[in-house]
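The numbers here are math on the coordinates, done by the rules we state, and not lab data. All of these numbers come straight from a predicted model, not from anything done at the bench. Please note: Cβ atoms are built from the backbone with ideal geometry, for glycine as well, and neighbour counts cover all protein chains shown.
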Amino acid sequence: MTTRSSLRMLTIAAVLVGVSGCALQSPSPVTDAEARDRFLAVIDETQQLVGGVWQVDDDPTPRGCTLPVWVAGERYPALRVSEDPRGEGHADRVQQAWEGNGLEVERSLVGDVVELKAESEFGEVYLFRVSEQAMTLQGESECRPA
């Protein structure tokens, strides 16, 4: 392959990566255990912020995920459920706390349920749902190389 052909192939590859939306993103600069602990700390702090009695169904088994450039990875899920009735004011407090921690938060209303969805710069995902009947708090840690 000539230099000209090599440059052409590199240019085509760069354009394809840009068009496909793939971005090379490395994991956060902490250990796998620290990344998981950071994720669970946000879940724990959110649970404490709204109070109530919670059923904790966090799964200690990692789930598969894919990092950019199709590298296999793992992420940890968390699920917490409370039947304590709570109102929209709790969603306001959670939103303020999450935004204060640098999370991008989207708020929506699904029937009578207020839903907050947040994502960190490292791809951690958090979901808080609250209604007059119950609350759920769930998420997934950042995807780390397996």
Margin query: When the residues of region 26-54 are narrowed to those that are under 13 Å from Thr136 (Cα atoms) and of a type in the set (A, V, I, L, M), which ends up surrounded by the fewest Cβ atoms within 10 Å (Cβ to Cβ)?
Written below: Val53
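If the requirement is being surrounded by 11 or more Cβ atoms within 10 Å (Cβ to Cβ), under 17 Å from Ile43 (Cα atoms) and touching a residue at least 60 places away in the same chain (Cβ under 8 Å), which of these qualifies: Ala78, Ala97, Ala72?
On the way: Ala97 fails: touching a residue at least 60 places away in the same chain (Cβ under 8 Å); Ala72 fails: under 17 Å from Ile43 (Cα atoms).
Going through Ala78, Ala97, Ala72 in turn, the sole match is Ala78.
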Notebook entry, point to check: Is there any pair linking a residue in region 31-42 that is farther than 15 Å from Val125 by Cβ to one that is surrounded by 13 or more Cβ atoms within 10 Å (Cβ to Cβ) and charged (D, E, K, R), with Cβ under 6 Å and at least six apart or on different chains, and which?
Noted result: Asp32/Arg144
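Considering region 111-137 alone, what residues qualify as being within 14 Å of Arg36 (Cα to Cα) and of a type in the set (S, T, N, Q)?
Correct list: Ser120 only.
I'm trying to understand the selection: among the residues of region 46-72, which are in contact with an Asp or Glu (Cβ under 9 Å, 6 or more places away or on another chain) and outside any loop (DSSP other than H, G, I, E, B)?
Val50, Gln55, Arg63, Gly64, Cys65
Has region 86-94 got any residue that is surrounded by fewer than 18 Cβ atoms within 10 Å (Cβ to Cβ) and in contact with a helix residue (DSSP H, G or I) (Cβ under 7 Å, 6 or more places away or on another chain)? Walk me through how you get there before you give the answer.
Looking only at region 86-94, we keep the residues that are surrounded by fewer than 18 Cβ atoms within 10 Å (Cβ to Cβ), and these are 87-89, 92-93.
Pick out the ones that are also in contact with a helix residue (DSSP H, G or I) (Cβ under 7 Å, 6 or more places away or on another chain) and you get 93.
For region 86-94, residues surrounded by fewer than 18 Cβ atoms within 10 Å (Cβ to Cβ) and in contact with a helix residue (DSSP H, G or I) (Cβ under 7 Å, 6 or more places away or on another chain): present.
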